[in-house]
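Contents: one structure, followed by commentary.
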Amino acid sequence: MPIGINGSGTITGISAGGLPDAIVAKEDLASTLYSEGTFTPALIGLTTAGTGTYTTDGQVGRYTRIGNRVFFDIYLSWSAHTGTGNMEITGLPFTVQNTTNCNRTYSVVFSAITLTAGSVGAAFSSPNTTTIALRQMPSGGGAVASVPMDTAGAISISGCFEV
């Protein structure tokens with residue numbers, strides 16, 4: 001059957017990429033191929049989640065999904081956080097694809113966050129999660145370590161992952 005749009009505005013004849021063979025509403029097809037929006041990321045502690053006071057415009061998440069790829073930007077700026085343990089960001093808008101040993105790494109900038117001397121910040125997501133782990137690593141090489149909760153600071157993260 002050739003691909004076409006019938007009188008009710010639906011696309012017909014689609015059978016690739018897991019879409020049904022019958023009729024697919026054009027809105028459903030469009031949201032599968034492309035969508036964009038906002039989400040609300042949050043900083044938590046892994047021992048005690050806690051809460052923080054986010055500054056004005058200090059809790060921002062935006063994404064663009066194209067097919068099975070999600071591109072995102074996060075900005076968090078907080079004070080008086082009560083969490084304990086190591087820092088993590090929750091709230092990604094989609095679950096990272098469940099592929100064994102395929103952690104997604106992202107570009108990250110820490111501001112006013114205490115890291116071990118000579119270390120640089122890192123961020124990644126494990127498969128089948130909606131979270132971002134925050135890490136630090138010695139700039140000259142060495143073992144990666146978690147980033148302990150900081151009561152105040154700011155983080156900018158950009159990246160892409162598969163769903």
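Each reported figure results from applying straightforward, stated rules to the coordinates on display, with no laboratory input. Note that the coordinates shown come from a computational prediction; the quantities given were computed from them, not determined experimentally. Positions of Cβ are backbone-derived with ideal geometry, glycine not excepted, and every protein chain shown enters the neighbour counts.
Summary table
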{"read-out": "Whole-angstrom gap from segment 54-83 to segment 127-152, using each part's C-alpha centre", "value": "17"}
{"read-out": "Zero-based 10 Å bins, Cα pair distances in segment 33-163, whole percents", "value": "13, 44, 33, 9, 0"}
{"read-out": "Contour excess over end-to-end distance, with Cα ends at A143 and Y34 and 0.36 nm allotted per residue", "value": "35.4 nm"}
{"read-out": "Length-normalised contact order of segment 81-148 in % [C-alpha pairs under 8 Å, at least 6 apart]", "value": "37"}
{"read-out": "FRET E, pair T82, C102, Förster distance 22 Å, beta-carbon r, rounded to 0.05", "value": "0.05"}
{"read-out": "Label point distance in nm, A112-V60, each placed 7 Å from Cα along Cα→Cβ", "value": "1.7"}
{"read-out": "C160-T95 FRET efficiency (beta carbon distance; Förster radius 22 Å; 0.05 resolution)", "value": "0.90"}
